[in-house]
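Asker: Sharing a structure with you now.
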Amino acid sequence: MIAFWRLSRRDWVHPARGGAVRFSVSTIERWYYQARSAGQDPVRALRRRVRRDDSDCSLGFLLGCQLARPVPGRNSTAFEMGASP
């Protein structure tokens, strides 16, 4: 739709940072259809939700723990393996 394209060309004010932000046509279209199908409370359909894959441990943390373990046969840790000698 042309209306989605026009909205995607507009600068919007970010609610937390206050800076200018733009949204893609597909994002605006997705928001439109989510709000449209929500029935009585379209704003509620667009509110932030907790991700389904959110957990107490992140892959970054677990990977960091694995990498920090000593490497057999070396005096250094795995973090130093990528460094130049």
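Asker: Please identify the pairs in which a residue from the stretch 28-47 that is more than 21 Å from MET1 (Cα to Cα) has its Cβ atom under 7 Å from the Cβ atom of a residue that is surrounded by 10 or more Cβ atoms within 10 Å (Cβ to Cβ) and not small (Gly, Ala, Ser), counting only partners at least 6 apart or on another chain.
Answerer: ALA45/GLN34
Asker: Determine if the stretch 28-51 includes at least one residue that is at pLDDT 70 or above, among the β-branched types (Val, Ile, Thr) and in a helix (DSSP H, G or I).
Answerer: Scanning the stretch 28-51 turns up at least one residue that is at pLDDT 70 or above, among the β-branched types (Val, Ile, Thr) and in a helix (DSSP H, G or I).
Asker: I would also like to ask the following. Sort out which residues of the stretch 4-26 are surrounded by 11 or more Cβ atoms within 10 Å (Cβ to Cβ), touching a Phe, Trp or Tyr at 6+ places or on another chain (Cβ under 9 Å) and assigned to a helix (DSSP H, G or I), and write them in order of number.
Answerer: Answer for the stretch 4-26, where residues must be surrounded by 11 or more Cβ atoms within 10 Å (Cβ to Cβ), touching a Phe, Trp or Tyr at 6+ places or on another chain (Cβ under 9 Å) and assigned to a helix (DSSP H, G or I): PHE4, LEU7, SER8, VAL25.
The values are calculated or read from the model by the stated rules, or taken from the named source; none is laboratory data. Computed from a prediction, not measured in an experiment: that's the story for all the values here. Methodologically, a virtual Cβ is constructed for each residue, glycine included, from the backbone with ideal geometry; neighbour enumeration extends over all protein chains shown.
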